[in-house]
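> Before I ask anything, here is the structure I am working with.
Coordinate-derived values only; no laboratory data. For clarity, every value in this text was computed on a predicted model and none was experimentally measured. Here the Cβ positions follow ideal geometry from the backbone for every residue, glycine too, while neighbour counts run over all protein chains shown.
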Amino acid sequence: MIDIHTHIMDGIDDGIQTFDDACNVLIKLDQQGITGVFLTPHYAPQRGYQPLLETVKDKYKKLKAFIESEGLSLVVYLGCEYDASDDLDLVIPRHLTHNQTRYVLIDFMHYDGDANELIYTLKCLKYQVIVAHPERYDASMKRLLELKSEGALFQLNASSLLHKERRQEYQLAKRLIKHRLIDFVASDIHRATQSMDSLKRVHYVIKKMTDGDYADTLLKNNPKKLITPNDYD
Ligand SMILES: [Fe+2]
């Protein structure tokens, strides 16, 4: 399985803060049989996250070197989680996509602009938008379907399906899965203390709700497309 959305890179956003914690998380994920992990620090200037490209690349290289020195099988890839904003058509070409493909992960939670227009603009520039955790937005199914019909792909957080007590998220996550409107499931890990088996557990839950092929599509086959540069072309 490949995790396409994490905040494991140390000290760059509201995720994991120390290099040691980042390394420990990578070891645990490797032990869980996770074969690939995208490091996707926030790019959200309005919330104070505007990492320099050089800083992100430098931290990526250090984590990659650790993985090699430990002989882990897991591979790390570089990516980004953007907060939606009207200037992304200018920002993205100067920053990062998922492993240099045309796929970009965008969180629309704090956005009050026209999401359809932003997705369309990026589509014209040949970017494929992946909407980060749509089940967490205060949006109707009808509104989410509009984003989908604009061509966006949807990434669900594993925790939304695993925590029934988060009622609203859980109900929407379940509906989205049952209607097969989700394209990726990822962990969105922020803390070293989180359980690291969420992808394994959610694969089982999705398999029960739908079938094994769909669970594999969301956690293995679709994520694989993000590690092949320019696959979207
Ligand atoms: Fe995130």
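> Wrap a convex hull around the Cα atoms of the chain, take a quarter of its surface area, and give that in square nanometres.
11.6
> Here is the link list: LYS123/LYS224; LYS64/LYS148; LYS62/LYS220; LYS59/LYS164; LYS59/LYS142. Which ones come out longer than 31 Å on Cα distance?
Those over the limit are LYS64/LYS148; LYS59/LYS164; LYS59/LYS142.
> About its Cα centre, what dipole magnitude does segment 2-225 give when the only charges are +1 on Lys and Arg Cβ and -1 on Asp and Glu Cβ, stated in debye to the nearest 20?
Result for segment 2-225 is approximately 840 debye, rounded to the nearest 20.
> If you don't mind, another one. Starting from the exponent 0.38 and prefactor 2.2 Å, build the expected Rg for segment 119-163 from its residue count and divide its actual Cα Rg by it.
Taking N as the residue count of segment 119-163, the ratio is 1.24.
> Using the Cα centre of segment 2-225 as origin and beta-carbon charges of +1 (Lys, Arg) and -1 (Asp, Glu), tell me which of GLN171, ALA186, TYR49 is placed farthest towards the positive end of the dipole.
Ranked along the dipole, the leading option is GLN171.
> Also, quick follow-up: With a cut-off of at most 11 other beta carbons within 10 Å, and DSSP calling the residue loop, which GluC sites (Glu not before Pro) in segment 127-233 qualify? Please list them. If you can, show how the numbers build up before the last one.
Numbers: sites: GLU135, GLU146, GLU150, GLU165, GLU169; in loops: GLU150, GLU165.
Here the GluC sites (Glu not before Pro) that fit, given the DSSP loop and packing criteria, are GLU165.
> While we're looking at this one, here's another question. Just to confirm a number: summing +1 for Lys and Arg and -1 for Asp and Glu over residues other than HIS163 whose beta-carbon lies under 15 angstrom from that of HIS163, what do you get?
Result for the neighbourhood of HIS163: +2.
> Near the amide H of ASP3, under 5 Å away, which other amide H atoms are found, from residues 5 or more places off or on another chain, if H is placed in the peptide plane?
Those qualifying (amide H under 5 Å, at least 5 residues apart or on another chain) are GLY36, VAL37, PHE38.
> Can you give the relative contact order of the chain as a percent, counting alpha carbon pairs under 8 Å and 6+ residues apart?
Computed over the chain, the figure is 22 percent.
> How long are the three semi-axes of the equivalent ellipsoid of segment 42-128, in whole Å, if each is the root of 5 times an eigenvalue of the C-alpha gyration tensor, listed from largest down?
With the √(5λ) rule applied to segment 42-128, the semi-axes are 28, 14, 11 Å.
> Indicate, rounded to the nearest 5 percent, the antiparallel portion of the DSSP beta bridges found entirely in the chain. Mind dumping the intermediate values first?
Numbers: 1 of 23 bridges.
Within the chain, antiparallel bridges account for around 5 percent of the total.
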